[in-house]
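Read the structure below first, then the notes.
What follows draws every value from the coordinates through simple rules; no lab data is involved. Computed from a predicted structure; not experimentally measured. Because the Cβ atoms are built from the backbone with ideal geometry, glycine has one as well, and the counts that use them run over all protein chains shown.
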Amino acid sequence: MRDRLPIRREDAMKIVMLGAPGAGKGTQAKRIAEACGIPHISTGDIFRSNIKAGTELGQQAKAFMDQGALVPDEITVGMLMDRIHEADCKDGYVLDGFPRTIPQAESLTEALSRTGEAIDAAIDIEVPDEDIVLRMGGRRACLHCGATYHTCFHPPRLENICDHCGHELVLRDDDKPETVKTRLEVYHAHTYPLIAYYRAAGVLHEVDGTKNMDQVFAEIREIL
Ligand code: AMP
C-alpha cells in the first residue's frame, strides 16, 4: 500500500539518473517523476521528438544518435539548460540521459550554483554489460506514441503492436546490436566517470538494477 503513496517533499528535488544505456533509467525516472509530481526530462526523448518534427536540432542530432555516438555538448547543454528553466521545473525534475559527460555535469553544476542550487541525488542503476546486451536486443519502441516494450520482459498484448495506439513496434536504430556495442563503449569512456563525480559531491546512491522494476523502485523510494 505504501508503494502507492506519492513521495512528498517540502523542497524542490533535483535528481540525476546514472547507469548504462538499457539499465532501466527511463522506466525508474518516469516512476520517480510521477511519485514526486515533477517532470521527467529525457534528452534522448527531446532529440527523438525533434527528429520526428524535422527540426534543425533533430537533423543535427540524428547522425550521431544512429551511430550510437554522443550528440556534441555544444548542442546538448544549451537544450537542457533551456528545458530546466521552464516553469514546470520550479519544484525540481528528474534528469534521464543527462549529464552524460564530465563537461556536461560541470556545466549543470555551474548553472545551478549561480542560483545557490545543486543536484540533490544522483541515482546510479547498476547492471552488468552482458545483461544490457540481452535487454536492448529485445527492446521494441512505438515511434508514434513513444511507448516501449521488451519481447521477453514486457511484451505487448499483440505481437509487435503498440498496446496504446495500435501502431507497429520497431527495433530502434540505436538498439541494434552493433550500435549497442558502441553505446556501451561510449558509456564506459565518457559517462561512467560521473559516478565518481557525484560520489565526490556527496549525493551518489547506487541501486542494483538487475532486480525487477518494482524492487528497483522500492530501493529508490527508500533513498528519496
Ligand atoms: P537515450 O534515449 O538516453 O538512450 O539517448 C539516445 C541517444 O541520444 C544517445 O545514444 C545519444 O546519441 C543521444 N543523447 C541523449 N542524451 C545525450 C546527452 N546528454 N549527451 C549527448 N548525447 C545524448
> How big is the charge dipole of the range 156-197 about its Cα centre, in debye rounded to the nearest 20, if each Lys and Arg gets +1 on its Cβ and each Asp and Glu gets -1 on its Cβ?
Replying inline: 160 debye
> What full-extension length gain, to one decimal in nm, is calculated for L112 and A196 as 0.36 nm per residue of separation minus the Cα-Cα distance?
Replying inline: 28.3 nm
>> Below 30 Å, Cα to Cα, which lysines can K181 reach? Residues fewer than 8 away in the same chain don't count.
In response: K25, K30, K52, K62, K211
> With +1 on each Lys and Arg Cβ and -1 on each Asp and Glu Cβ, how big is the dipole of the chain about its Cα centre, in debye rounded to the nearest 20?
Replying inline: 420 debye
>> For the range 75-202, take N as its residue count and report Rg(C-alpha) divided by 2.2 N^0.38 Å.
In response: 1.26
> For the range 154-224, max minus min Cα coordinate along each principal axis, in Å, sorted largest first?
Replying inline: 46, 32, 19
>> Counting only helical runs of four or more DSSP H residues, what would the 222 nm mean residue ellipticity of the chain come to if each run contributes -39,500 (n - 2.57) and the total is spread over all its residues?
In response: -13000 deg cm²/dmol
> In whole Å, what are the Cα extents of the range 81-143 along the three principal axes, biggest one first?
Replying inline: 42, 26, 18
> What's the Kirkwood radius of the chain in Å, using all Cα pairs?
Replying inline: 18.1 Å
> With no solvent and one point on each alpha carbon, what is the Debye value of log10 I(q)/I(0) for the range 36-101 at q = 0.12, 0.22, 0.26, 0.28 Å⁻¹?
Replying inline: -0.30, -0.94, -1.19, -1.31
>> Only four residue types carry charge here, +1 at the Cβ of Lys and Arg and -1 at the Cβ of Asp and Glu. Report the dipole size of the range 134-224 about the Cα centre in Debye, rounded to the nearest 20.
In response: 80 debye
